[in-house]
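The values are calculated or read from the model by the stated rules, or taken from the named source; none is laboratory data. Since this is a predicted model, take the numbers as computed values, not measurements. Note: ideal-geometry Cβ built from the backbone for every residue, glycine included; neighbour counts use all protein chains shown. Accessible surface areas use protein heavy atoms only, side chains included; no ligands, DNA or RNA. Shrake-Rupley method; radii C 1.70, N 1.55, O 1.52, S 1.80 Å.
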Amino acid sequence: MKSKLTILSLALACPAVMFSQEMMQTTSSTNPVETTSLKSEGPRFNSWSISFGGGVPLMQNADLKSIQSGNTLVGYSAYFSIDKALSHTFGLKLQYDRGETRQGYFNTKDAAPANAAANLQVAGRTQYDAISLLGDINLSNLLRRVDSKADYRWAIHGYAGVGVLAYRAYQKDEFGQRLMTENKPFKFNSLFGQAGAGLKYKISNRVDIEGRLMYVVTGDDAFDGGGSDQYSAVNRISAKTSDNFFNGTLGLTVHLGKHSNSLMWHDPLQEVYSKIDELETKIDNIQLCKAGDADNDGVCDDWDRQLDTPAGARVDGSGVALDVDLDGVIDLYDKCVTVPGPVENNGCPVNNTGNGVVSADETAMSGIEFDLNSDRILPNNTPILNSAISYINSNNGSYVVVGATDTRGTESYNQTLSERRANNVKQYLISNGANSAKLEAKGNGKLDLKYPECDPASKCPEWKNKANRRVYFQAK
């Protein structure tokens, strides 16, 4: 029986240990809870406390008459414990219990009825002392709803543990009272177990009041003093059943330490709520565009790379007017937005005069850009290439797919990279339906710059270097 009690108590305690890690280490200055850093400042909460109280034990299982057999004699009990919170959900208690249970047919304080011994209607009482180690699970913190922001003052606790038990059991009949069994303190073979639950109310940051109901398994059939052969007929319960009792108590917990709050009343999520509230108060203090937006393009001057953008021009995230075909004419003034063309022709290509430029009618053809050191076609370029496929298949012209790079790297490396870019675009066009007989690919390396001033590349912003890393079309 005792070994089973030990295994049961360990099984109850182990799941609680899994929740004994403090999870929140954030900081806050507005919450009344202390929130300095755990690692840098040490403990933030009081983790030690003492508890004491008193109550009434009621025998449930007993060889003599008990509540299970229809009798409810009330005893008394008291407890004192030293408590250590290991986290906001789990702690340990070293507890001392002292009390007296009463069982049998009458109270030992009363006079025995006539022929009590002959009728086997004796009285019994047991004075006991116990020391136990209890695990304490704060179920309210463990199961607390994450959307509950209210400060709480009620908490349900669960307890379980083992200890050693000493007792003296007496019987009384018309011949008087006598000692029946004595278990002296404190032998290892006197193990007992207890488990139960308590409801706490937070009176203040220092004091809690708690009502508790514990079930005590003594592990001893002689605890009630009714196990003698003389009174075997008195037994109402099997002789193989240990004498167990309920112990209802009311007590106080006093938290010790220099901090203003106890760890067992700490809600880690409250720190998150406080931080959110603090940030919400600061949202209105955020000032955007401190330097203004001189060109009214929607990009603050603090990070606008083009402070004189023409009114109505579309811009990228850095405030630079868009030039989709990279021909030097911004889209606002470009009459052929998707096809490169000279400035003097409003961004549209001129008629094919043998100079290698796509004609003005070829507005579906446009160049595309590449990432640094990459020949991968970017997903945002596929609509341009798909339009080019339709255009190539709809006319009789032939075209050269020209690859180019920026000025980073050696000439031989860039030549190879530009050829790979051109060939990748050519293969994409062919694999998606373009007439392969109309296409030729070649690479110009770093000798074909859209922005010649970007040599070396460090002289230019990255958007110009990206414009140099491109593939475009030339008519044969």
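Each residue of the stretch 160-168 is assigned a 3J(HN,Hα), and the resulting list reads 7, x, 10, x, 10, 10, 10, 7, 9 Hz, derived from the Karplus form 6.51 cos²θ - 1.76 cosθ + 1.60 (θ = phi - 60°), x at Gly and Pro. Would you please state the base-10 log of I(q)/I(0) at q = 0.12, 0.23 1/Å for the stretch 371-476, with intensities from the Debye formula using one equal scatterer on every alpha carbon? Listed by q, the Debye log ratios stand at -0.40, -1.18.
Protection proxy ranking for 380-393, 176-189, using the average of other Cβ atoms within 10 Å per residue and placing the highest first: 380-393, 176-189.
Normalised by residue count, the stretch 102-210 yields a Cα convex hull volume of 160 Å³ per residue. Would you kindly state how much longer the chain becomes between ARG178 and GLU278 on full extension, computed as 0.36 nm times their sequence separation minus their alpha carbon distance, in nm to one decimal? Fully extending the segment from ARG178 to GLU278 adds 28.9 nm.
Extension gain, ASP129-ILE430: 0.36 nm per intervening residue step, less the Cα-Cα distance, totals 99.1 nm.
With the simple model of a label 7 Å out from the Cα in the direction of the Cβ, ARG314 to LEU372 spans 2.7 nm. Farthest towards the positive end of the charge dipole of the stretch 77-161, among the residues TYR105, ALA78, LEU92, is the Cα of LEU92, using unit charges on the Cβ of Lys, Arg, Asp and Glu. Taking amide hydrogens as placed 1.01 Å from N in the peptide plane, the amide H of ASP293 sits under 5 Å from those of ASP301, each at least 5 positions away in sequence or on another chain. Taking max minus min of the alpha-carbon positions on each principal axis, the stretch 70-147 gives extents of 65, 28, 16 Å, largest first. As a fraction of the 1.4 Å probe accessible area of the stretch 61-181, surface on carbon and sulfur atoms comes out at 58 percent.
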